[in-house]
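Q: Just dropping this structure here.
The values are calculated or read from the model by the stated rules, or taken from the named source; none is laboratory data. These numbers come from a predicted model, not from an experiment. When we count neighbours, we look across all protein chains shown, and the Cβ atoms used for this are built from the backbone with ideal geometry, even at glycine.
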Amino acid sequence: MSEKKGSHTALIVTGISVISGMVGIYVFLNDEIRGRLFPDQQVATRSDIKEQFQLSEERIATVVAASVADAIGKAQARGDEVSQDEQVQYEAALTKLLTSDDPALNDAKFLAVSGDAEAAADNIVTSAGAPAEASDTVPAKTRAELLRSAGDILAPSDATKALAAYEKALELDPDNQVLQTRIQKLKAATAAKNEVKAIPRASFEFGGLQFEFQGCDQPETPRCVFSVMNPTPDPVYLRLGEQWGVDEFGRWTEGNRKKIEANSNDNWTVPSLETTQIEITFRRAANIYQLLRFRFSVGGVDYKKEFRDIAVRGGKQVEIKTMRPVDPAHPEYAYEVNGLQVHFLGCSNPDAPICRFDMMNTGTDNVNVNVSDGIIAYNSQGVRVTAAKSLLSLEGKNESNAPQGVAFTWEVSFNREAEMFQSFWPQLRLDYDSYEREFRNVMIGDSPPTVRTPRYDQVASPDDIFDVGPLKFVFLGCRNPVNPTCTFDIENPSDEGVRLNIDRPKATLADGSSVNANSSVLEMRPSGDVYFPAGLTTTYEIAFRQEMAHMDALKLNMSIDYKGYYPELTDITVEE
């Protein structure tokens, strides 16, 4: 035991060295911990903190190890176990508290090193969970992080308190996936066992065979059982087809093994007056099946049988996935597409944005949902970005059949940083028909970024601002006579998006010769062929390799909504 504890302490020390460096923390130790560290010291008081107890990394590690051992011991005394995940989270949260230099956490730190980590967590919940005042400068996400740490410390000793801390944290940071996972796991771990309930329409007849569904058990590897009897005077051929279920998370799971008990096979000619059992096991653990779909072939005829809301015996009374509400400030985020209810939940994670939707099929039949088409967005600078991944939770793929009444999630992930999307275009295909929808000014970061707008104040002449069809061009001049570059801002001030295609322009010199541009780059999309949403601005640059100090003319070449335009600028001096 001592060797384990020593190696465990060493691991904690290694972790703390990354977090705390040379940070010194003045703390008060309870008798037990103080006795281990300073056997010749008397009991300290709060006033002794700054004078006597500056904790080093090793001392912090000892405090953490002692607290972990205490939490595990108390849990075992109650007949509970502390999971490995809970232990790791407890250690990390307590270490983070002890290495913090935030004076607002001094009371909590004092309690933690006094041997009462639970009281320290309660103190954090009281301070961080209090309603924010107008003068409160602590960001909501920072308070949420403190509450999550408090929940991690409370989880081994008081699941109810831990859950309350996590839920308060989630109110402050609704898109935090770590918090959502913590809550989900804790609710599942503390949920009551499923109750045995009668199954509606459990008895049925297919092709002369009498079936009775007896329910499912073994939540880790669910097993569903039927009894089947042949009451007819003749043998009847039975074959087991595909078996599928939808679990509490809204995920399809396929039957892994299926057998008829009488011959341990998936088909059998059932003799007259014979009775046997059918067993079907599934690949993935489940507590509740929102839907079970069984297929049987009896006498050469295919049949399908469905059951709803089947609690797995031995499983937990967990919450099934439901559609989350949209932001009240954006009621337009809730909409319907051909019988499919959609809730756009917004986007988060500015380093690599993730946009989430909850969906439910409210129609009368399954619907094929496909989200594989290129999904695009335009960031604060008007640059078009394409989604890197688009997945449905039903099967973890970009296409799946959505059964009626089951909520599921669609996640769209990008791999380019963005603080906001000025325009976001998710595209759905339902039963192979496409549906597009635009969302404007979707915030991703904590504060609004600077949005690209036309630089009207940088033009040399009012004539340098001109319209080309529905678009407004702002000519910002040409620079660098050795390798001239000409720059424009382009704005779409109209109420509708347009299709813009720009080809390479050319310059005309004083001797009448012309020079084709070597490159013509639209920042929105370098290919120069782009859907240009309403209200956005982008930059357009033209580069030449031939030295030019002056252009008699610069002729542009473009099409807007497939109509050609050829605007020309004259008498251009290329600035140094």
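Q: For segment 445-454, state whether one or more residues are among the basic types (Lys, Arg) and not in a loop (DSSP other than H, G, I, E, B). Lay out the reasoning, then the answer.
A: So the first thing to find is which residues in segment 445-454 are among the basic types (Lys, Arg), and the list is 452.
Retained after the next criterion (residues that are not in a loop (DSSP other than H, G, I, E, B)): none.
Looking for residues that are among the basic types (Lys, Arg) and not in a loop (DSSP other than H, G, I, E, B), one finds none in segment 445-454, hence no.
Q: Which residue, of ALA69, ALA112, is surrounded by fewer than 18 Cβ atoms within 10 Å (Cβ to Cβ) and either of a type in the set (S, T, N, Q) or assigned by TED's automatic domain parsing to the domain that holds LEU179 (or both)? Spell out the reasoning first.
A: On the way: ALA112 fails: surrounded by fewer than 18 Cβ atoms within 10 Å (Cβ to Cβ).
So the residue among ALA69, ALA112 that is surrounded by fewer than 18 Cβ atoms within 10 Å (Cβ to Cβ) and either of a type in the set (S, T, N, Q) or assigned by TED's automatic domain parsing to the domain that holds LEU179 (or both) is ALA69.
Q: Which of the residues belonging to segment 478-502 are loosely packed, with under 15 Cβ neighbours inside 10 Å and in a strand (DSSP E or B)?
A: Matches in segment 478-502: ARG479, ARG499.
Q: Here's something else I'd like to know. Residue by residue through segment 31-86, note down the ones that are in a helix (DSSP H, G or I), at pLDDT 70 or above and basic (Lys, Arg).
A: Residues satisfying the conditions are ARG59, LYS74.
Q: Starting from residues that are among the hydrophobic types (A, V, I, L, M, F, W, C) and surrounded by fewer than 23 Cβ atoms within 10 Å (Cβ to Cβ), keep the ones in segment 245-263 and report whichever is modelled with the lowest pLDDT. Steps first, please.
A: Step one: of segment 245-263, the residues among the hydrophobic types (A, V, I, L, M, F, W, C) are 246, 249, 252, 260, 262.
Still in the list and also surrounded by fewer than 23 Cβ atoms within 10 Å (Cβ to Cβ): 249, 260, 262.
On the way: PHE249: 92, ILE260: 97, ALA262: 95.
Ranking the candidates gives PHE249 first.
Q: Quick check on segment 401-422. Is at least one of its residues over 15 Å from GLY374 (Cβ atoms), among the β-branched types (Val, Ile, Thr) and not assigned by TED's automatic domain parsing to the domain that holds PRO139?
A: So far as segment 401-422 goes, yes, one or more of its residues are over 15 Å from GLY374 (Cβ atoms), among the β-branched types (Val, Ile, Thr) and not assigned by TED's automatic domain parsing to the domain that holds PRO139.
Q: On the basis of being closer than 30 Å to LYS187 by Cβ and either surrounded by fewer than 14 Cβ atoms within 10 Å (Cβ to Cβ) or in contact with a helix residue (DSSP H, G or I) (Cβ under 6 Å, 6 or more places away or on another chain) (or both), does LYS316 make the cut? Let's see the steps before the verdict.
A: Working: closer than 30 Å to LYS187 by Cβ: yes; either surrounded by fewer than 14 Cβ atoms within 10 Å (Cβ to Cβ) or in contact with a helix residue (DSSP H, G or I) (Cβ under 6 Å, 6 or more places away or on another chain) (or both): yes.
Taking the combined requirement at face value, the residue satisfies it.
Q: Regarding ASP122, is this residue under 30 Å from GLU58 (Cα atoms) and loosely packed, with under 15 Cβ neighbours inside 10 Å? Outline the logic, then answer.
A: Details: under 30 Å from GLU58 (Cα atoms): yes; loosely packed, with under 15 Cβ neighbours inside 10 Å: no.
Against the criterion (under 30 Å from GLU58 (Cα atoms) and loosely packed, with under 15 Cβ neighbours inside 10 Å), ASP122 does not qualify.
Q: Filter segment 433-477 down to residues that are touching a Pro at 6+ places or on another chain (Cβ under 6 Å) and farther than 30 Å from PRO331 by Cα and give me whichever is surrounded by the most Cβ atoms within 10 Å (Cβ to Cβ). Don't jump to the end; show me each part of the working.
A: Taking segment 433-477 and keeping what is touching a Pro at 6+ places or on another chain (Cβ under 6 Å), we get 444-445, 468, 472, 474.
Next cut, farther than 30 Å from PRO331 by Cα only: 468, 472, 474.
Details: VAL468: 15, LYS472: 18, VAL474: 22.
Here the answer is VAL474.
Q: Okay, next question. Exactly one condition in (1) outside any loop (DSSP other than H, G, I, E, B); (2) over 21 Å from VAL326 (Cα atoms) is false for ALA418; which is it?
A: Going through (1) outside any loop (DSSP other than H, G, I, E, B); (2) over 21 Å from VAL326 (Cα atoms) one by one, ALA418 breaks only (1).
Q: With respect to VAL342, determine if the residue is buried (at least 20 other Cβ atoms within 10 Å of the Cβ), among the aliphatic types (A, V, I, L, M), farther than 25 Å from LEU500 by Cβ and more than 16 Å from the chain's Cα centre (by Cα).
A: Values: buried (at least 20 other Cβ atoms within 10 Å of the Cβ): yes; among the aliphatic types (A, V, I, L, M): yes; farther than 25 Å from LEU500 by Cβ: yes; more than 16 Å from the chain's Cα centre (by Cα): yes.
Criteria met by VAL342.
Yes/no per residue for (1) within 30 Å of VAL367 (Cα to Cα); (2) modelled with pLDDT of 95 or more; (3) within 20 Å of the chain's Cα centre (by Cα):
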site	(1), (2), (3)
TRP410	yes, yes, yes
PHE414	yes, yes, yes
ASN441	no, yes, yes
ARG452	no, yes, no
SER461	no, no, no
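Q: Okay, moving on. How many residues are assigned to a loop (DSSP other than H, G, I, E, B) and either under 21 Å from the mean Cα position of the chain (by Cα) or buried (at least 17 other Cβ atoms within 10 Å of the Cβ) (or both) when one looks only at segment 421-432? If you could, list the steps in order and put the result at the bottom.
A: Applying the first criterion (assigned to a loop (DSSP other than H, G, I, E, B)) to segment 421-432 yields 426, 431-432.
Within this subset, residues satisfying the condition of being either under 21 Å from the mean Cα position of the chain (by Cα) or buried (at least 17 other Cβ atoms within 10 Å of the Cβ) (or both) are 426.
Count: 1.
Q: Among the residues of segment 297-338, which ones are touching a residue at least 24 places away in the same chain (Cβ under 8 Å), among the hydrophobic types (A, V, I, L, M, F, W, C) and assigned to a loop (DSSP other than H, G, I, E, B)?
A: Selection gives VAL312, VAL318, ILE320, MET323.
Q: Select from segment 339-359 the residues that are out of contact with any Gly (no Cβ under 8 Å at 6 or more places or on another chain) and assigned to a loop (DSSP other than H, G, I, E, B) and list them in ascending order. Break it down into steps so the answer makes sense when it comes.
A: We begin by selecting, within segment 339-359, every residue out of contact with any Gly (no Cβ under 8 Å at 6 or more places or on another chain); these are 341-349, 351-354, 357-359.
If the condition is that a residue be out of contact with any Gly (no Cβ under 8 Å at 6 or more places or on another chain) and assigned to a loop (DSSP other than H, G, I, E, B), then ASN349, ASP351, ALA352, PRO353 are the ones that fit.
Q: Can you tell me which residues in segment 503-545 are assigned to a strand (DSSP E or B) and either among the β-branched types (Val, Ile, Thr) or within 32 Å of the chain's Cα centre (by Cα) (or both)?
A: THR508, VAL515, VAL521, LEU522, ASP529, VAL530, TYR531, PHE532, THR537, THR538, THR539, ILE542
Q: Name the residue that is farthest from PHE532 (Cα to Cα), counting only residues in segment 377-415 that are small (Gly, Ala, Ser) and in a loop (DSSP other than H, G, I, E, B).
A: Restricting attention to segment 377-415, the residues satisfying the condition of being small (Gly, Ala, Ser) are 377, 380, 382, 387-388, 390, 393, 396, 400, 402, 405, 407, 413.
Next, only the ones that are in a loop (DSSP other than H, G, I, E, B) stay: 380, 382, 387-388, 393, 396, 405.
Numbers: SER380: 14, GLY382: 9, ALA387: 17, ALA388: 21, SER393: 31, GLY396: 32, GLY405: 37 Å.
By that ranking, first place goes to GLY405.
Q: Return a yes/no flag: does segment 149-161 have any residue that is closer than 15 Å to TYR90 by Cα, in contact (Cβ under 8 Å) with a residue 12 or more places away in the chain and surrounded by fewer than 17 Cβ atoms within 10 Å (Cβ to Cβ). Talk me through it step by step, then tell me what you get.
A: Of all residues in segment 149-161, those closer than 15 Å to TYR90 by Cα come to 149-159, 161.
Retained after the next criterion (residues that are in contact (Cβ under 8 Å) with a residue 12 or more places away in the chain): 149-159, 161.
Remaining after also requiring surrounded by fewer than 17 Cβ atoms within 10 Å (Cβ to Cβ): 158.
The answer is yes, given that some residue of segment 149-161 is closer than 15 Å to TYR90 by Cα, in contact (Cβ under 8 Å) with a residue 12 or more places away in the chain and surrounded by fewer than 17 Cβ atoms within 10 Å (Cβ to Cβ).
Q: Out of segment 560-576, which residues are among the acidic types (Asp, Glu), surrounded by 11 or more Cβ atoms within 10 Å (Cβ to Cβ) and assigned to a loop (DSSP other than H, G, I, E, B)?
A: ASP561, the sole residue that qualifies.
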